[in-house]
Every structure is written in structure tokens, then in C-alpha cells.
């Protein structure tokens, strides 16, 4: 018997683990508690209107994710909306800049973020190499332009303000951004559901299985390994050759593996989606000086993201939409985009209270869980890697989990026989 691979959790990390495991010779079974796969990356339906639960972007430095998308035939569904630099509108001054995403491009004044002085670039390089155990704001010191830019980056990437965010974690991002060709910004052409989740799920179904409505209640253990998975609808007994990838959020993982060290503080993300009747091309822009931070405009939908949105989290949806809509129209007007039929009254507000772990210095130094807490079980999930909690971290974690579990027994035996007869 070759053994069965059970992937618990059908978010991006779980689906990625299943796809990668198939390439290693496994026939995976994905167990997902929700009625649909995708986890925190999902498409939400309200009547005839569908939208992503949040705006998720990729950079060309996210190589693990791009390789996975290419493997499932979905790489072409991610497009680059702003190849000439990211438009950033400062609502207070009315200034619209085109900002380069690569730190190397900031050597040119026209591509430099607003307020970033040439002397700040040397300090930025030192932070990337030697961040120290301190906050992003402390690392920026008394350079206001640098502090402003790093705060924007910390909120965007770490979902934590610069006053609290770990300089160590942001430095990892800066080093990746400095990679040649690593800062092309990509967004899903249609949405996360059709352009990310569904291609992964379709690939799994070609050689595996996805079981929905399967919430894991407990993992039965003996002699340092998992022997059974107890779901709400029944128990799966594990055979000697079986393996498990546990790709659950931190609290859910800790509930079935008591004593597992997991993050306990989280930061929210709030997203607002404004339907409209426009057919303009896909655009992406940054916003400063207001409530919203990022604006993604697709035909039929304009979406605003508010990272680290603790204040926005507590506002009624109608109030928040009314305050953010003028920011949307101000930005689209400067970009020459029309939003006919749009307005705050039709907005859908999605609040993710526990979107990502709080990425402060304590989290950067916290003891991470062992990747294989049981001999036949490996952890996955964006919170297990030490990278910022992103799609890329979820895919990297999936690859590491599959690598730790190895190949099925028959695959290993076949390899040894082939070696012996070669």
C-alpha cells in the first residue's frame, strides 16, 4: 500500500500542498470545513454580484506562487495593471505620483516615493541588511520621508503600522524587492475565485479529492504520530503509510494540537467593494491621506483595501462606505477612469477581524512551531514560515510541508528498484 495523504484545510496553502503532493506521487484528499475552498482568499457572492473578500496582489518576486500558477495553467490570468509605475494619490495635497516599486528605481527622482530624499536611500539599504530588533519607525529614525514610506510598506505588506511593525520582517521584504525583476505588480484578471482558487481546486480534482464541510475536531495520537483524524461527520483511521498536512489557521491548529506555539495577536483588514457599470481596463492605485490605502478597479467593480484597519473595523458598513466613496471618485478622476452607476449605497463591506498575525518584533522573535510536530504530520499555512502572511508564504509553507513528508512508499520503492537496475 502506497499510503494516503490527507490535507486538512482547503485554503491556498492546503490546495497548494495537494497540487505539489500530486507531483510527488501522492493522491491527496483535502478536507475543508467551509462549503467552498479558498480560505481567506475567496470570492464572495451577494445576489448577482460577486467580488473578492479582499484585494490580493502578487509581485514577480513571489516565485513559488508564480511557478504554482504556471503549473496549473493559471499564470496568464494574473495581469500587470501598472507597468509604468504605481499611481499614488495624496488626498491632502492632491499630488499624483508614479512610484517605482523596485528600490533601485528610487535612484531616479521621478520614480521615488514622495518625500524620500536621496540621503534616505543609504539608510534604507542599512535597514534592509541590518534591521535590528526594533520597530520600523525606530529604524527610520528622524528621516520623515523614509518613515512615511516605510510606514506605508509596513501597513501594506505586514498589515501592521510602522510604529509597531518589526523591522526584521520588513527587511526580508525589502531584500526580496531588491531582486532583479522582482517588483512587477500582478492582480487577478477576474477575481481570486476564478483566477487562483478554482484552478488549484481543478488541478487537485484531476488526481485527488476535495471533501467540503469537514471540520477537524481532534487528532488522535500514539507513539509520537497521528493515528486518526476525527471530523464532525466521522473518523478517518490512518494507516502506516498515511501522511497528514495540517494547513489550518493558528487557532484551529492549536485546538487539535494542544501546546502548539501559535500567534495570538492579530490585525484586521477591511475591504469595500463598489459595483459600477464601467468597462475601463484594470487599474491599481495607492491612496494616502485618507481612510483607504489601495484601489483596484476592474470592469464592474471598484475595491478598496484598508489594512491594519482597527478603526474601520468598528464603523458601521454604511458609514464607512460613505466616507471612502469620495476617496474612490477622487482617485479615479485623476486616473481618467469612469465609474458610472457606482455609489456608496450599493457597497459591500467585508471585515476580516483576524486577517493576519500582528507582525511586531515580539512576533518576529517568537518561537515558531516545529514543521513536523508529529512524525507523520507536517504543518502548512502562511503563519508557519517566518515570512509575512501572504499568498507567497502560504505556497512556500505548502512546499516545505510536502518536502518533509517525502514520497509515498511505492514511489520510494520504485525509485530504489530503478536505481538498483540502472
Going through the range 191-205 in order, the residues found to be surrounded by fewer than 17 Cβ atoms within 10 Å (Cβ to Cβ) and either without any contact (Cβ under 8 Å) to a residue 40 or more places away in the chain or touching a helix residue (DSSP H, G or I) at 6+ places or on another chain (Cβ under 7 Å) (or both) are 205
Would you check which residues across the range 117-139 are in contact with a strand residue (DSSP E or B) (Cβ under 9 Å, 6 or more places away or on another chain) and surrounded by 19 or more Cβ atoms within 10 Å (Cβ to Cβ) and list them? 131, 135, 136
Residue under evaluation residue 299, criteria (1) touching a residue at least 24 places away in the same chain (Cβ under 8 Å); (2) within 18 Å of residue 347 (Cα to Cα), criterion not met: (1)
Counting only residues in the range 40-70 that are modelled with pLDDT of 90 or more and within 30 Å of residue 346 (Cβ to Cβ), the one surrounded by the fewest Cβ atoms within 10 Å (Cβ to Cβ) is identified as 57
When only residues in the range 351-374 that are assigned to a helix (DSSP H, G or I) and out of contact with any strand residue (DSSP E or B) (no Cβ under 7 Å at 6 or more places or on another chain) count, which is nearest to residue 246 (Cα to Cα)? 365
When you scan the range 258-268, how many residues do you find that are surrounded by 15 or more Cβ atoms within 10 Å (Cβ to Cβ) and closer than 16 Å to residue 397 by Cβ? 3
Matching residues, the range 206-235, being surrounded by fewer than 12 Cβ atoms within 10 Å (Cβ to Cβ) and either outside any strand (DSSP E or B) or on the phi > 0 side of the Ramachandran plot (or both): 206, 223, 224, 232, 233, 234
The listed residue being part of a helix (DSSP H, G or I), more than 27 Å from residue 284 (Cα to Cα) and either without any contact (Cβ under 8 Å) to a residue 12 or more places away in the chain or not assigned by TED's automatic domain parsing to the domain that holds residue 336 (or both), out of 25, 14: 14
Got at least one residue in the range 244-257 being part of a strand (DSSP E or B), assigned by TED's automatic domain parsing to the domain that holds residue 35, surrounded by fewer than 23 Cβ atoms within 10 Å (Cβ to Cβ) and in contact (Cβ under 8 Å) with a residue 24 or more places away in the chain? no
Hits in the range 350-360 - residues which are touching a helix residue (DSSP H, G or I) at 6+ places or on another chain (Cβ under 7 Å) and buried (at least 19 other Cβ atoms within 10 Å of the Cβ): 351, 357, 359
Please verify whether the range 162-170 includes one or more residues that are in a strand (DSSP E or B) and crowded, with 22+ Cβ neighbours inside 10 Å. yes
Is at least one residue of the range 375-383 surrounded by fewer than 19 Cβ atoms within 10 Å (Cβ to Cβ), part of a helix (DSSP H, G or I), outside the structural domain of residue 299 (by TED's automatic domain parsing) and touching a residue at least 40 places away in the same chain (Cβ under 8 Å)? no
In the range 275-304, how many are more than 22 Å from the chain's Cα centre (by Cα) and more than 25 Å from residue 145 (Cα to Cα)? 9
So for the range 384-397 (the condition being closer than 19 Å to residue 243 by Cβ and at pLDDT below 95), does at least one residue qualify? yes
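The values are calculated or read from the model by the stated rules, or taken from the named source; none is laboratory data. Small disclaimer: the values here were computed from a predicted structure and weren't measured. Cβ atoms come from the backbone with ideal geometry, glycine included; neighbour counts cover every protein chain shown.
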